Amino acid sequence: TAASNVQLNGRLYAADSVTNVPAAILEKAQRRLYKIPNHPIGILSHRIASHFAHFANIDAPDPVVSVAKNFDELGFEPDHPGRRVTDSYYLNKDTLLRTHTSAHEIETFRNPAVRDAWLLTADVYRRDEIDRSHYPVFHQMEGARLFDASADLRALEDRIEHDEHALRLANVRIHDESRVGEVNPFQHGHDPALGRLVVRDLKLALNGLMLDLFASDDGKPLEVRWIDSTFPFTSPSFEVEVLWNDEWLEVLGSGMIMQRTLDTAGVPDKVGWAFGLGLERIAMVLFSIPDIRLFWSTDSRFLAQFSPGKFSPFKPYSRYPECKRDTSFWHPPMFHENDFCDIVRDVAGDLAEDVQLVDQFVHPKTQRSSATYRINYRSMDKSLTNEEVNEMHAQVIERATRQLGVEVR
Ligand code: PHE
């Protein structure tokens, strides 16, 4: 399809052959849910900021960033899957909607007023499947803390030791399954003695946050698990999970900041830790929100339920009937499900609750591939009529045929 220029927040981006941001996504880039004081995302972001009382709280920059900022400067390999046009929203080949808040690490470490301890909440964008817990726009909070590489280790250890005391008295069980070593190493050039203290401080800070967010008053201890992970911009790297309703909930990624990041930011004599957490996933459990689309609801029955500073459970209002439509088509070999989902979202917006692949086969003679998708249309705010649904569904099929080269069977 012919690309047209893309306008966002008063700036114009010249489209090219990779441009793939649908209008429905551009609209979301204006909403700033994290700024709304009685919105669950705003309440949670504010609560985390209050927990880290001495950290600078930075306003989200524009979501349009360069490929260099989002990927290259953070050490993402050229063939990293996150870079694919099927996984990210490109305005053109040099610019995209940030896929994570880490895209702002370097510029923030450059700023002497905030660099040593900061938080940044922002909307982030990833092309994804459609279901109740995935939405192409969500929110992350990034946090970081720096130390002088020449810090007095003894004084640092004393401070950490002192701060760990409160955690030792709290009702929490920490399962540290991470093993810093060969697969999850300290960086060359880092003094391991300093590295161990930085990691210890990271664990202290985040265990404290988990306790603040998730501790219950039913007497059961909070269970927090640390496991090894990998990110191109941290080493060693960790993930944190919390046991919630008998399941481990993945809460955040973290690690010791790659020295390359700090060198680029002009602070080669510092070391530090960083973390990034997804706000929706945490808000869904803390506020008992069953469907991620609800965060985008403008219905007062949603927003009127929440108030600043409180993790009150959401009381669902009546669910309207679902309307399922199946569609089967032959598709070209390069077909990607995320392209189909984007069309569904662009046509149906938040009326698309779920898109499921229900059947798939390759014709034995012609070798053509076929797929059957079941789209569930449902509004959060009203009953949809059959005509409305048929019209949306016809549009989905028309656009898939025209833009993706599929052929309805
Ligand atoms: N940016 C990472 C993500 O989106 C999270 C992260 C942030 C990991 C900071 C390590 C340090 O998954």
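Only a single item in (1) assigned to a helix (DSSP H, G or I); (2) under 32 Å from the mean Cα position of the chain (by Cα) is not met by PHE335, and it is number (1). Being more than 26 Å from LEU153 (Cβ to Cβ) and either surrounded by fewer than 16 Cβ atoms within 10 Å (Cβ to Cβ) or more than 25 Å from the chain's Cα centre (by Cα) (or both) narrows it down to one of ASP191, ASP212, so name that one. Being more than 26 Å from LEU153 (Cβ to Cβ) and either surrounded by fewer than 16 Cβ atoms within 10 Å (Cβ to Cβ) or more than 25 Å from the chain's Cα centre (by Cα) (or both) holds for just one of ASP191, ASP212, which is ASP212. For LEU44, the requirement of being within 16 Å of GLY143 (Cβ to Cβ), in contact with a helix residue (DSSP H, G or I) (Cβ under 6 Å, 6 or more places away or on another chain), hydrophobic (A, V, I, L, M, F, W, C) and modelled with pLDDT of 95 or more is met.
Of all residues in the stretch 164-196 being of a type in the set (Asp, Glu) and at pLDDT 95 or above, which is farthest from GLU239 (Cα to Cα)?
Step one: filter the stretch 164-196 for residues of a type in the set (Asp, Glu), giving 164, 176-177, 182, 191.
Right, trim to at pLDDT 95 or above and you get 164, 176-177, 191.
Details: GLU164: 20, ASP176: 10, GLU177: 10, ASP191: 23 Å.
This residue is ASP191.
Being surrounded by 19 or more Cβ atoms within 10 Å (Cβ to Cβ) and either free of Cβ contacts under 8 Å to residues at least 24 places away in the same chain or more than 16 Å from the ligand (Cβ to nearest atom) (or both) is true of VAL267. Scanning the stretch 336-353 for residues being open to solvent by 50 Å² or more (accessible area, probe 1.4 Å) and among the charged types (D, E, K, R) gives a total of 1. Can you go through ASP212, ASP201 and tell me which one is touching a helix residue (DSSP H, G or I) at 6+ places or on another chain (Cβ under 8 Å), modelled with pLDDT of 95 or more, within 16 Å of the ligand (Cβ to nearest atom) and closer than 20 Å to ILE48 by Cα? Within the list ASP212, ASP201, the selection yields ASP201.
Six or more apart or on different chains, Cβ atoms under 8 Å: show the pairs whose first residue is in the stretch 150-171 and under 10 Å from LEU197 (Cβ atoms) and whose second is among the aromatic types (Phe, Trp, Tyr) and surrounded by 14 or more Cβ atoms within 10 Å (Cβ to Cβ). Short answer, once both residue conditions are applied: LEU156/PHE147. The set of residues in the stretch 128-175 that are within 16 Å of the ligand (Cβ to nearest atom), polar (S, T, N, Q) and out of contact with any Gly (no Cβ under 9 Å at 6 or more places or on another chain) contains only SER133. A count restricted to the stretch 100-116 and to residues that are assigned to a loop (DSSP other than H, G, I, E, B) and either touching an Asp or Glu at 6+ places or on another chain (Cβ under 9 Å) or within 12 Å of the ligand (Cβ to nearest atom) (or both) stands at 1.
All conditions in (1) surrounded by 15 or more Cβ atoms within 10 Å (Cβ to Cβ); (2) among the basic types (Lys, Arg); (3) under 24 Å from ASP342 (Cβ atoms) hold for ARG47, with the sole exception of (3).
Here ASN57 passes the criteria (1) out of contact with any helix residue (DSSP H, G or I) (no Cβ under 8 Å at 6 or more places or on another chain); (2) open to solvent by 30 Å² or more (accessible area, probe 1.4 Å); (3) polar (S, T, N, Q) except the one numbered (1). For PRO321, the conditions (1) free of Cβ contacts under 8 Å to residues at least 24 places away in the same chain; (2) loosely packed, with under 14 Cβ neighbours inside 10 Å are fulfilled apart from (1). The sole residue among PHE233, PHE275 that is open to solvent by less than 10 Å² (accessible area, probe 1.4 Å), under 20 Å from ASP116 (Cβ atoms) and modelled with pLDDT of 95 or more is PHE275. Of all the residues in the stretch 237-264, those that are closer than 14 Å to LYS203 by Cα, within 13 Å of the ligand (Cβ to nearest atom), surrounded by fewer than 24 Cβ atoms within 10 Å (Cβ to Cβ) and not hydrophobic (A, V, I, L, M, F, W, C) number 3. Look at the stretch 221-249: where a residue is outside any strand (DSSP E or B) and a partner is open to solvent by 30 Å² or more (accessible area, probe 1.4 Å) and within 16 Å of the ligand (Cβ to nearest atom), sitting 6+ places away or on another chain with Cβ atoms under 9 Å, you get PRO232/GLU77; PRO232/HIS80; PRO232/MET258; PHE233/GLU73; PHE233/MET258; PHE233/ARG260.
The values are calculated or read from the model by the stated rules, or taken from the named source; none is laboratory data. What you are looking at is a predicted structure, and each value in this text was computed from that prediction instead of being measured. Using ideal geometry, Cβ is built from the backbone for each residue, glycine included, and neighbour counts are taken over all protein chains shown. Calculation scope for accessible area: heavy atoms of the full protein, side chains included, ligands and nucleic acids excluded. Shrake-Rupley method; radii C 1.70, N 1.55, O 1.52, S 1.80 Å.
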